[in-house]
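Novice: Here it is: the structure, laid out below.
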Amino acid sequence: MALNTSAEAPLPVGQVSRLIGGWIDKLGQVWVEGQITQLSRRPGAGVVFLTLRDPSHDISVSVTCFRQVYDEVADAVSEGARVVVLAKPEWYAPRGQLSLRATEIRPVGIGELLARLERLKRSLASEGLFALDRKKPLPFLPQLIGLVVGRASAAERDVLENARRRWPAVRFEVRNVAVQGVHAVPQVIQAVRELDALDEVDVIIVARGGGSVEDLLPFSDEEVVRTVAAARTPVVSAIGHEPDSPLLDLVADLRASTPTDAAKKVVPDVGEELERVRQLQDRGLRAVRGLLDREERGLAHALARPVFVHPQRMVETREDEVDALLARGRRTLGHLLDRADSELSHTLARVVALSPAATLERGYAVLQRADGHVVRSPGEVSGDELLHARVAEGAFSVRVCEPAAGPAATPGTVSAAAPGPGPAATPAAAPAAAPAAAPASE
């Protein structure tokens, strides 16, 4: 509960310490899990002192227990081991120090650790942290590689030597960290974040040699997994050996079976790349040569065609064709003209045969009355009527005489009595029914 204090009425340190101790005493016994970082077991002493640390956070607390309690698990518990203790919080008022008085210690077995890791694995997988679509591709030739590894470790030597052997110009930004124990998790997290913040770092390798399940536990820590998942730089996991499978392998963008394998997967081999370049050059040269050979053969085949060997032959052939077509056109036109001339001659003959002039040439005459009407019947004229007669060679006037006596006389006999140029014509009889050949005015 809150205390009523002020600058004028403060509480003494002893009273505050006693109050804190009273509050802590009310907590009762609790089960606590942690990793033993310090262990002090003096010969002949009845109390054992331990320091219990949270592997994921930089927090530790002192633990004391009677020797009998520790001796029950002494064979299975040592520094670095994970344990679960049943303890009661205690407050040492003179020093203002919190500690735990353990009455039972239980080592966390491999089976329990693996079960916890499996539960954590399922939880992280349900969040999608292990999904393949989250994996970032590695650059073909990284200019600067970040390396998180133990100081002067075999893993560091393997990565550096193999990478430089494959590509001598490769550069590294190394962060030496604790790879096991209570300081491993925070140092690994800090190193990954520092390298991820550097823009020139193209890829990060987290490497460690082989070890037991307990030694590799920092690389299955939830905070480490989430830090790697949040990194914008591709991360390669090279923890332990092939059978080892910490959770870092699942969240990393690429998993390498060993540190040496990580160097091979991150850095290309200069000899292999030069050989690949040479092969590509040879392939390109063969392709160009094949193209040139094919085009040369095509050109030679084209030049061998008759049109290129004897180019004038095509003109000569076309000239003969033009001459033949010209002769054919002339023949066709001659035939058409001859046919048209023949048809015109026949038409002219028919016109001439049917024209009034031809009728007049045969001795007929055309008689017209004074009003221009052609005489077609003897009944159309009267006696002594003056008519106009037209013959083939000219025209003259005739007068109608009375019919002659006798049975052979034809009514309307016409006598030639028309004056004309030259001597007067002797009256002569005209055919009684002369056909009209042309108007009188012609």
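The values are calculated or read from the model by the stated rules, or taken from the named source; none is laboratory data. A quick note: this is a predicted structure, and the numbers were derived from the prediction, not measured. With ideal geometry, Cβ positions are generated from the backbone for all residues, glycine too; neighbour counts draw on all protein chains shown. SASA here: full protein model, heavy atoms, side chains in, ligands and nucleic acids out. Shrake-Rupley method; radii C 1.70, N 1.55, O 1.52, S 1.80 Å.
Novice: Six or more apart or on different chains, Cβ under 9 Å: which pairs go from a residue in the stretch 252-264 that's closer than 22 Å to residue 131 by Cβ and of a type in the set (Lys, Arg) to one that's in a loop (DSSP other than H, G, I, E, B) and open to solvent by 40 Å² or more (accessible area, probe 1.4 Å)? Could you list them?
Specialist: 255/245
Novice: Just wondering, is there one or more residues in the stretch 54-66 that are closer than 18 Å to residue 180 by Cα, of a type in the set (Gly, Ala, Ser) and either in contact (Cβ under 8 Å) with a residue 60 or more places away in the chain or buried (at least 16 other Cβ atoms within 10 Å of the Cβ) (or both)?
Specialist: Applying the first criterion (closer than 18 Å to residue 180 by Cα) to the stretch 54-66 yields 54-60.
Going one step further and asking which of them are of a type in the set (Gly, Ala, Ser), we end up with 56, 60.
Those left that are additionally either in contact (Cβ under 8 Å) with a residue 60 or more places away in the chain or buried (at least 16 other Cβ atoms within 10 Å of the Cβ) (or both): 56, 60.
Yes: one or more hits.
Novice: Restricted to the stretch 110-150, and to residues that are in a loop (DSSP other than H, G, I, E, B) and under 17 Å from residue 201 (Cα atoms), which residue is least open to solvent (accessible area, probe 1.4 Å)? Give the derivation first.
Specialist: To start, the set of residues in the stretch 110-150 that are in a loop (DSSP other than H, G, I, E, B) comprises 127-131, 135-143, 150.
The next check asks that each one be under 17 Å from residue 201 (Cα atoms); those that pass are 136-143.
Values: 136: 55, 137: 111, 138: 49, 139: 45, 140: 135, 141: 52, 142: 7, 143: 108 Å².
The selected residue is 142.
Novice: Now for a different question. Going by the structure shown, is residue 347 closer than 30 Å to residue 390 by Cα and touching a residue at least 12 places away in the same chain (Cβ under 8 Å)?
Specialist: For residue 347, the condition - closer than 30 Å to residue 390 by Cα and touching a residue at least 12 places away in the same chain (Cβ under 8 Å) - is not met.
Novice: For the stretch 201-231, which residues satisfy the criterion of being of a type in the set (Lys, Arg) and either touching a residue at least 60 places away in the same chain (Cβ under 8 Å) or open to solvent by less than 10 Å² (accessible area, probe 1.4 Å) (or both)? First the steps, then the outcome.
Specialist: Just the residues of the stretch 201-231 that are of a type in the set (Lys, Arg), to begin with: 208, 226.
The one that is of a type in the set (Lys, Arg) and either touching a residue at least 60 places away in the same chain (Cβ under 8 Å) or open to solvent by less than 10 Å² (accessible area, probe 1.4 Å) (or both): 226.
Novice: Shifting gears a bit: For residue 182, only one of the following conditions fails: (1) open to solvent by less than 30 Å² (accessible area, probe 1.4 Å); (2) touching a Ser or Thr at 6+ places or on another chain (Cβ under 8 Å); (3) within 20 Å of residue 127 (Cβ to Cβ). What is its number?
Specialist: Residue 182 satisfies all of (1) open to solvent by less than 30 Å² (accessible area, probe 1.4 Å); (2) touching a Ser or Thr at 6+ places or on another chain (Cβ under 8 Å); (3) within 20 Å of residue 127 (Cβ to Cβ) except (3).
Novice: A further question follows. Of all residues in the stretch 65-99, which are in a strand (DSSP E or B) and farther than 29 Å from residue 211 by Cβ? Full working, then the answer.
Specialist: Of the residues in the stretch 65-99, the ones in a strand (DSSP E or B) are 65-66, 82-92, 97-99.
Scanning the stretch 65-99 gives 66, 86, 87, 88, 89, 90, 91, 92, 97, 98, 99.
Novice: Can you name every residue in the stretch 265-306 that is closer than 30 Å to residue 144 by Cα and among the small types (Gly, Ala, Ser)?
Specialist: Residue satisfying the conditions is 271 alone.
Novice: Then there's this: In the stretch 250-263, which residues are assigned to a helix (DSSP H, G or I) and in contact with a strand residue (DSSP E or B) (Cβ under 6 Å, 6 or more places away or on another chain)?
Specialist: Passing the criteria: 259, 262.
Novice: Which condition from (1) charged (D, E, K, R); (2) farther than 30 Å from residue 36 by Cα; (3) touching a residue at least 24 places away in the same chain (Cβ under 8 Å) is the one that residue 151 breaks?
Specialist: (2)
Novice: In this structure, does residue 90 turn out to be among the acidic types (Asp, Glu), closer than 23 Å to residue 42 by Cβ, in contact (Cβ under 8 Å) with a residue 60 or more places away in the chain and out of contact with any Gly (no Cβ under 6 Å at 6 or more places or on another chain)? Reasoning before the result, please.
Specialist: On the way: among the acidic types (Asp, Glu): yes; closer than 23 Å to residue 42 by Cβ: yes; in contact (Cβ under 8 Å) with a residue 60 or more places away in the chain: yes; out of contact with any Gly (no Cβ under 6 Å at 6 or more places or on another chain): yes.
In short, yes.
Novice: I've got another one for you. Pick from 77, 85: which is touching a residue at least 12 places away in the same chain (Cβ under 8 Å), among the aliphatic types (A, V, I, L, M) and either touching a Pro at 6+ places or on another chain (Cβ under 9 Å) or open to solvent by 70 Å² or more (accessible area, probe 1.4 Å) (or both)? Even if it seems obvious, please write down each step before you answer.
Specialist: Values: 85 fails: either touching a Pro at 6+ places or on another chain (Cβ under 9 Å) or open to solvent by 70 Å² or more (accessible area, probe 1.4 Å) (or both).
Exactly one of 77, 85 is touching a residue at least 12 places away in the same chain (Cβ under 8 Å), among the aliphatic types (A, V, I, L, M) and either touching a Pro at 6+ places or on another chain (Cβ under 9 Å) or open to solvent by 70 Å² or more (accessible area, probe 1.4 Å) (or both), namely 77.
Novice: Follow-up. So is residue 12 open to solvent by 60 Å² or more (accessible area, probe 1.4 Å) and at pLDDT 85 or above or not?
Specialist: Against the criterion (open to solvent by 60 Å² or more (accessible area, probe 1.4 Å) and at pLDDT 85 or above), residue 12 qualifies.
Novice: Residues that are of a type outside the set (Asp, Glu) and open to solvent by 90 Å² or more (accessible area, probe 1.4 Å): list the helices (runs of 4 or more DSSP H) wholly contained in the stretch 264-370 that include at least 3 such residues.
Specialist: Helices (runs of 4 or more DSSP H) meeting the threshold: 270-303, 311-354.
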